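Here's the structure we're looking at; comments come further down.
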Amino acid sequence: MRIFRLNAMVLALVFSLLIEGISDGLYRWLATSFSTPSLADKLCDLDLFIHKPAAKLAQMFYPPSHWPGVGAHILFYIFAVCEFWVLTFAAIKIFRHFYWSSDDKSRAA
């Protein structure tokens, strides 16, 4: 698989941007489409739980009186992408460490 031979940092950035874009679009669609308590509420709660560190970091720079401002949202999404970047980078490194055998590593170099 040629995609896994790319630089891990760049690959993690691409995956984190994709994951963040998909999760944000899904969150906004579910939040506006369904008004009754359902699976949509559970998925929205899960998204808020995952983004809690990014929200807390954004609140350190923008107090609750300035929330939800444009600058606060931009900073929140930057922190959320960084959060997913760390998670996907760790997942790629773990996958490469345990999945590739020594023969695959010598062929990739």
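For this structure, a couple of remarks:
- Failed criterion for residue 107 (all others in (1) modelled with pLDDT under 80; (2) within 21 Å of the chain's Cα centre (by Cα) hold): (2)
- Evaluated against (1) in a helix (DSSP H, G or I); (2) more than 15 Å from the chain's Cα centre (by Cα); (3) modelled with pLDDT under 75, residue 96 falls short on exactly one condition, (3).
The values are calculated or read from the model by the stated rules, or taken from the named source; none is laboratory data. Since the model is a prediction, treat every value here as computed from it, not as a measurement.
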